[in-house]
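Each value in this text was obtained by applying a stated rule to the coordinates, not by laboratory testing. As the structure is a prediction and not an experimental result, all values here were calculated from the model. Quick reminder, even Gly has a Cβ in these numbers, built from the backbone with ideal geometry, and neighbours come from all protein chains shown.
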Ligand SMILES: [Zn+2]
Ligand SMILES: [Zn+2]
């Protein structure tokens with residue numbers, strides 16, 4: 001039986017199942033995905049005697065050259081020596097954060113569900129909150145009406161779509177003064193989209209991410225609490241993730 005999400009309802013007391021979403025703990029890899037024509041897959045095919053990616057891990061390792069492993073800081077090979085062990089070690093940092101400190105509930109500003117810190121708990125600044133997982137589908141530059149739960153990998157190889165299958169991070173809403181950041185990292189030779197607390201987030205507060213101004217196409221405006229009126233979303237700050245290409 002597929003795993004489900006529960007949302008808490010303070011007014012009625014108790015909780016209910018969130019309809020239409022399956023809870024997963026790692027990426028799903030639909031077999032029918034059309035990886036054959038993905039330009040970014042070429043180097044993977046060269047390395048693997050023409051073989052196409054057969055599983056999520058193959059796609060996640062397609063473009064990880066020269067990236068230091070977040071766990072062991074190894075930069076000497078595409079996959080750091082400990083590989084999967086590094087990933088498992090790092091993953092422990094966020095393994096119980098959701099069940100111990102967070103919950104899903106309806107927002108008060110009509111944004112549907114959101115992720116909130118439980119009473120008397122605090123998520124300290126810098127905490128790794130989790131990895132954004134979903135269905136791995138080939139990146140398609142011509143695709144226009146994607147779901148609101150998509151996240152593109154920088155290399156434009158794949159996108160993660162968590163509209164139907166995902167973990168709790170799919171419920172994190174946008175805010176212009178977001179308290180959570182998301183970035184791509186390499187751990188154990190694989191790409192990961194990780195969420196991290198930008199500041200201390202205390203009991204009752206909602207976790208929020210900045211989706212970027214692009215997400216809000218007119219007449220779709222941001223309704224976060226930063227301003228009284230609906231407004232254009234604040235541009236994403238480009239922080240340490242920007243690489244300095246000098247050539
Ligand atoms: Zn490592
Ligand atoms: Zn806003």
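Remarks
- The radius of gyration of the Cα set in segment 119-159, together with its Dmax, comes out at 15.1, 46 angstrom.
- Largest-first principal axis extents of the Cα set of segment 1-109 (Å): 58, 35, 30
- Whole-number D in µm²/s for segment 77-127 (Stokes-Einstein; Kirkwood sum over Cα pairs; 10 °C, 1.306 mPa s): 117 µm²/s
- Taking only Cα atoms of segment 89-247, radius of gyration then Dmax in Å: 16.0, 51
- Full extension of the chain segment joining residue 31 with residue 147 gains 39.8 nm, where the gain is 0.36 nm per residue of separation less the Cα-Cα distance.
- Applying 1/(1 + (r/R0)^6) with r as the Cβ-Cβ distance of residue 1 and residue 110 and R0 = 22 angstrom yields a FRET efficiency of 0.10.
- For segment 56-148, the square roots a ≥ b ≥ c of the C-alpha gyration tensor eigenvalues yield an a/c of 1.5 or more together with a/b not exceeding b/c, which makes the shape oblate.
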